Every structure is written in structure tokens, then in C-alpha cells.
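For reference, the structure is listed below as C-alpha cells.
The values are calculated or read from the model by the stated rules, or taken from the named source; none is laboratory data. Since we're looking at a predicted model, the values are computed, not measured. Because the Cβ atoms are built from the backbone with ideal geometry, glycine has one as well, and the counts that use them run over all protein chains shown. Calculation scope for accessible area: heavy atoms of the full protein, side chains included, ligands and nucleic acids excluded. Shrake-Rupley method; radii C 1.70, N 1.55, O 1.52, S 1.80 Å.
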Amino acid sequence: MNAPAAPEIAELEEQERRLTLPRFTHDDAWTLGTLLVELARERNAPVAVDIRRGGQQLFHAALPGSTPDNDAWIDRKRRVVERYGCSSLLVGSRFRAKGTTFEDSSRLDPDTYAAHGGAFPLTVKDPGVIGTVVVSGLPQIEDHRLVVEALEKFLTA
């Protein structure tokens, strides 16, 4: 079975516009986090989930099969969103579209930053990016899609 194709840059940008939140509270972090855990459990996905607002971790879960490496990936992907203000997959895709890689051209330490899919900005209408939601444990496109699916369900609940 082939890995799913990466979404195009325009689709990734559209996801971020569409998935802007009206607000994001501590209770919202719990709701979104438990929704992500439920979706992952339905798929027997060995993932870790992390949600932060500003510098505060509001939600974290490590499902069976996840490892400490997933937490390290979460931190590296989250830092990309915090630095660039957009999803880690979009950042990596933009570098690839220029014929290079994030690792080769960003001038950032790859042990600290990873432009791999799975980290998504939590964007609230007026203030903008206020935090991150991150999944690690699946191939990067699947990590990204799981986050997007959860945000879509969260917004329609």
C-alpha cells in the first residue's frame, strides 16, 4: 500500500484559513484532545497528542505503542509552528516547492526543529495563532490528516 500523497500547498493554506477557531479555552483543549484520542483509538494508532496555548501544555496523551521518541518529535514539530505560524507540513512543503529541504535551507538545528506533518496552529479569529495541536506516531501525512479531521469535528460540534 502506498503512502498517501501530500496535500498541495494551496490545500494546506486553505485548511488553516478554514480551521480558524472562534475561541480556545482550557476546556476546549480537553475537548479537542479527547476527540483526537478517540479518533486515534478507533484506528489503533500508536500516537502521542499534545495541545498547548502559549507556553502552557493544556493536554497530553500517549496511547499504547507510542514512545518517548514521539514526545521528542512533538517538541520539534511544535517549534516549527511556533516559529513560522503555520502547520509543520506546510512549512516543509514550501521548502520542497523551492527545490530544497527544510533541513538543508532553514538554517535551524534539525535536532530542535522538524518540518514534518502533524503540528498545526491553533488560530483564533482576532489574536491569530495562540497555540499548537500536535500528533506524532504515524507517517507525517497521516499525523497531519488526523489533526485536521479532529479540528473539523471540533468546529462542527
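A few points about this structure:
- Given (1) part of a helix (DSSP H, G or I); (2) open to solvent by 80 Å² or more (accessible area, probe 1.4 Å); (3) farther than 18 Å from V135 by Cα; (4) of a type outside the set (S, T, Y), index of the condition R41 fails: (3)
- Hits in the range 39-56 (condition: in contact with a helix residue (DSSP H, G or I) (Cβ under 9 Å, 6 or more places away or on another chain) and farther than 19 Å from G85 by Cβ): L39, A40, R43, A45, P46, V47, A48, V49
- Among residues of the range 33-53 that are within 14 Å of F154 (Cβ to Cβ) and touching a residue at least 40 places away in the same chain (Cβ under 8 Å), those with a beta-carbon under 7 Å from a residue that is among the basic types (K, R) and open to solvent by 10 Å² or more (accessible area, probe 1.4 Å) at least six positions away or on a different chain give the pairs L35/K153.
- Subset of the range 12-36 [farther than 16 Å from F59 by Cα and exposed (fewer than 13 other Cβ atoms within 10 Å of the Cβ)]: E14, R17, R18, P22, R23
- Among the conditions (1) assigned to a helix (DSSP H, G or I); (2) free of Cβ contacts under 8 Å to residues at least 24 places away in the same chain, A150 misses just one, which is (2).
- Of D71, D111, D126, all but one fail to be over 19 Å from I9 (Cβ atoms), out of contact with any Cys (no Cβ under 8 Å at 6 or more places or on another chain) and either touching a residue at least 60 places away in the same chain (Cβ under 8 Å) or in a strand (DSSP E or B) (or both); the exception is D71.
- In the range 71-115, residue most open to solvent (accessible area, probe 1.4 Å) [restricted to those that are within 26 Å of L39 (Cα to Cα) and of a type in the set (D, E)]: E82
- Residue match in the range 59-70 (condition: buried (at least 21 other Cβ atoms within 10 Å of the Cβ) and under 24 Å from F102 (Cα atoms)): yes
- Close pairs (7 angstrom Cβ cut-off, 6 or more residues apart or separate chains): open to solvent by 20 Å² or more (accessible area, probe 1.4 Å) in the range 129-144, of a type in the set (V, I, T) and modelled with pLDDT of 95 or more anywhere: V129/T123; I130/V124; G137/V47; L138/V47
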